[in-house]
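Below: one structure, written as structure tokens.
The values are calculated or read from the model by the stated rules, or taken from the named source; none is laboratory data. Because the structure is predicted, anything quoted here is derived from the model rather than measured. Virtual Cβ from ideal backbone geometry, glycine too; neighbours counted across all protein chains shown. Just so you know, the surface numbers come from the protein's heavy atoms only, side chains and all, with ligands and any DNA or RNA stripped out. Shrake-Rupley method; radii C 1.70, N 1.55, O 1.52, S 1.80 Å.
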Amino acid sequence: MAKMVTLTIDDRPVNVPSGTLIVDAAKTVGINIPVFCYHPKMEPVGMCRMCLVEIGRPAIDRATGQPQLNEDGSPKISFGPKLETACTTPVTDGMVVRGMTDKVKAARKDILEFLLTSHPLDCPICDKGGECPLQNLTMAHGPGQSRFLWDEKMHLAKHLPLGSLIFLDRERCIQCARCIRFQDEIADDPVIGFYERGRSLEIISYSDPGFNSYFSGNTTDICPVGALTTTDFRFDARPWELNTAASICTQCPVGCNLTLNLRREANAGGRTVIKRVMPRQNESVNEIWICDKGRFGYHYAQSDARITQPLVRQGQELVPTTWEIAMEKVGDELRKAGSSLVTLAGGRLTNEDLFNLRELTHAQGGQAFLYSNMAGGDLVARFTPPAGSNLKNLGKGAVVLVVASDLMESAPIWWLRIKQAADRGATLIVANPRPTRLDKFAAHRLTYAYGDEAGLVADLLPGASSERAQQEAFQAAAQAFAGAESALVFYGREGQSLEASAGLAAVCARLLQETGQAGKPDSGLVAVWQRCNDQGAWDMGLRPAPDLAAEISQTGALLLAAADPAGDSPALAQAVESAGFVVVQELFLTETARKADVVLPAQPFSEREGSYTSGERRVQRFYPGMSGRTGARADYAIAAGIGKQLGHDLEDRSASLVMRRIASRVPGYEGIRYEKLAEVAEQNPIIGRSDLYYGGTGYANQQGLGVKLGPASGPDYDAELEVPPAPKFLETDRNELIAVPIDRLYDCGTTFEPSTFLMKDRLTRPMVILHPGEASHLGLAAGEQVQATLNGITLPVLVVLDDHLPAGIALVPRSVGLPGEEPAPLILHKAGATEESSRAAGG
């Protein structure tokens, strides 16, 4: 524990840990020292001088080294002749800080007058108006008029796009460097910076495309003026017009806490719409940051392409009908199908949806599957980090192993937090066949051939005797892991089949088990899932099908929710066509929905309540932001309605009541209630909107921090753990290519593609990434467009070169056109080339 220090700020006693800065110490007792450049998440720089205060320290007798005392016995305080910055000065015992003297007030007034010499006084039309630190502090501390002439103001670009997502008003910039420092210190993406000097100083972007960072939106939150604004919100609403709703991001397994800003819109027919998405503080999950996919990927929820009424098939057409007719037809057909019912559910559904779907299916004697090609959720539940674990705790003495995952593309906030753990002294081990953005921070970088993921982790086990395990690099990594105070393993799915993923999860769990790390605080197993609630689906009892096409094609009735197998794979599309009776619960008319006999419209997260379980197994609730569109229902209510048609007792009144059933039947969820999920506690740093100049425009968390689950069936770390043999990876030779699907953050998934303003230069294009030697052998060049055939689909793709890739491998981004979740043979050929001149895998 840090030594505690006692001081006085504005006549109030303060007791804080040694090393605390004055500005933060004042915050703990409700004293707000004004700042512009300082931010509690970044290193102090003392640039703006707004936090100047008078500081007195106990006078020390040079002869004795003891404090000098006044006549009354109190310590004599010696104040310096000059003001000092509260944001760069650590507290000391006996310090006296004065922040409201005439000298301090005059200094703040002068600083604001200087800042306003070239700042436009256009508050009534500024996006930041109503939540602007400069506006607030000018009213509180600034001069009533300026002594500088209007004609001497700098007139600069007003609507400058730094990139496709962020606009800059150079006249409004006060050069606090918060945005630049965030990109450098926090995001490690120094793509913006200062240019020129003096009054000509301005911010520019160094990247192409402009401001190319997955975290760029955070700079608009921490900008203390209206200089930085987002493309989808600028000039679109005023802050005081907006209502709020607490929510959870649905784009990845991190579970970032969000606040939806909402307003009724005339051009939306009087409906309430989302105007912007803001971060909500949760220091155990996302702190106060969110990635740009979570910030800008909400547009699908209010898309005009959504289904708003049930559809039933009449001949070759799907025609609108009523809920009563649709549910009666579904009930009749599922009753006929009996135990041949197969349910396929996607991981974007809530725990309540998944539970009701499983209960419905089991009541019919059918099978419920998770639409996923990644395994190990049962082991994650068994070896989950204990309650109270937090990535923020990781520092010196901790080890993090990341294997088979590019976290920057799959879960950017986990990347950010693990990078910060490495900055604090944690030892990072990264294992992947190719370089990733996390390698820069790794103390140990291990490589392996695709298909050898489990083998590499096995060589880190105590007593491993393979030739690779004897290598110095492997021994150093193994010793670091085994000797750590805490050890956390993140495993992903890159280059793996479902079977291979199961083996990797098992050997990762064994590594924790055999090194004695399982059960320690901040130690455990975390899966980098594809979807936000895949772990919740495993907890609810759903599992991926080893042969999904066979399960689908042989069923008498197929119920799908938030899953589009026909749109993802020609083989699965054919299987759906072979199924008996097909029911789809969906937001949009997907390829699978087009093949259905009945389509039931579902509600998005913004129109309902529910809960998700993150990859770290933290259960969090979200709240409805608006009333649902007429005709759409929550998925748990749809499943319950079908159940009632069949005579089964399923809860349909509210998600909170479904959670009560979950708590009584699902291991590990005992005691989980919505009231428990809504509990909050004090978080540090203290962030809120009542003092916008301190932490930015993000929201304090007043709606719930969630509950971190412990092991599903209690601690069971020593029970025997079977590791299945690794499946054989696709073989290749000099005349073959293997496509390895990889994650890209900006994909064309159902819930992201409707964010059309990102289409310009952000969405991932169909491409194949090759080693230059492979391209040369094919006669291809970087930037060339070729025809690619994968899993029965042929599409034009862009050739991208990467000299770090192994031979015979072509990386193919998921969800951008070419189908594929697992390694598969790939054919590449130039347009017009004959099949004989093409290069193929397997013939």
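Take the range 148-163 and flag every residue that is closer than 20 Å to ARG295 by Cβ and open to solvent by 20 Å² or more (accessible area, probe 1.4 Å).
Correct list: PRO161 only.
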Subset of the range 62-82 [open to solvent by less than 80 Å² (accessible area, probe 1.4 Å), modelled with pLDDT under 90 and more than 16 Å from THR8 (Cβ to Cβ)]
GLY65, GLY73
Among the listed residues THR138, THR244, THR220, THR231, which satisfies the condition of being open to solvent by 40 Å² or more (accessible area, probe 1.4 Å) and over 19 Å from ASP761 (Cα atoms)?
THR244
Any residue in the range 327-356 that's over 30 Å from LEU677 (Cα atoms): show its pairings with residues that are open to solvent by 10 Å² or more (accessible area, probe 1.4 Å) and in a helix (DSSP H, G or I) at Cβ separation under 6 Å, as long as the two are six or more apart or on different chains.
MET327/GLY641; MET327/GLN645; GLY331/GLN645; VAL342/GLU551
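Residues are listed down the side, and each one gets a yes or a no for (1) open to solvent by 10 Å² or more (accessible area, probe 1.4 Å); (2) within 30 Å of GLY671 (Cα to Cα):
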position	(1), (2)
SER569	yes, no
ARG594	yes, no
SER611	no, yes
ARG653	yes, yes
For the range 620-629, state whether one or more residues are among the hydroxyl-bearing types (Ser, Thr, Tyr), surrounded by 23 or more Cβ atoms within 10 Å (Cβ to Cβ) and either outside any loop (DSSP other than H, G, I, E, B) or out of contact with any Gly (no Cβ under 7 Å at 6 or more places or on another chain) (or both).
no
Residues that are charged (D, E, K, R), touching a strand residue (DSSP E or B) at 6+ places or on another chain (Cβ under 6 Å), modelled with pLDDT of 90 or more and under 20 Å from GLY451 (Cα atoms): does the range 810-817 have at least one?
yes
Working only within the range 377-387, note down all residues that are surrounded by fewer than 24 Cβ atoms within 10 Å (Cβ to Cβ) and in contact with a Gly (Cβ under 9 Å, 6 or more places away or on another chain).
ALA381, PRO386, ALA387
Take the conditions at pLDDT 95 or above and part of a loop (DSSP other than H, G, I, E, B) and apply them to VAL277. Does it pass?
no
Residue, farthest from GLY142 (Cα to Cα), within the range 1-48, restricted to residues that are among the charged types (D, E, K, R) and crowded, with 18+ Cβ neighbours inside 10 Å:
LYS41
Can you run down the residue pairs with Cβ atoms below 6 Å, 6 or more apart or on separate chains, where the first is in the range 113-129 and under 19 Å from MET50 (Cα atoms) and the partner is aromatic (Phe, Trp, Tyr) and open to solvent by 30 Å² or more (accessible area, probe 1.4 Å)?
THR117/PHE148
Filter the range 668-700 for residues that are outside any loop (DSSP other than H, G, I, E, B) and among the basic types (Lys, Arg) and give the result.
LYS676
Note down all Cβ pairs under 9 Å where the first residue falls in the range 661-683 and is closer than 18 Å to ASN282 by Cβ and open to solvent by 80 Å² or more (accessible area, probe 1.4 Å), the second is of a type in the set (A, V, I, L, M, F, W, C) and outside any helix (DSSP H, G or I), and they're at least six residues apart or on different chains.
LYS676/VAL619; LYS676/VAL707; GLU679/LEU705; GLU679/VAL707
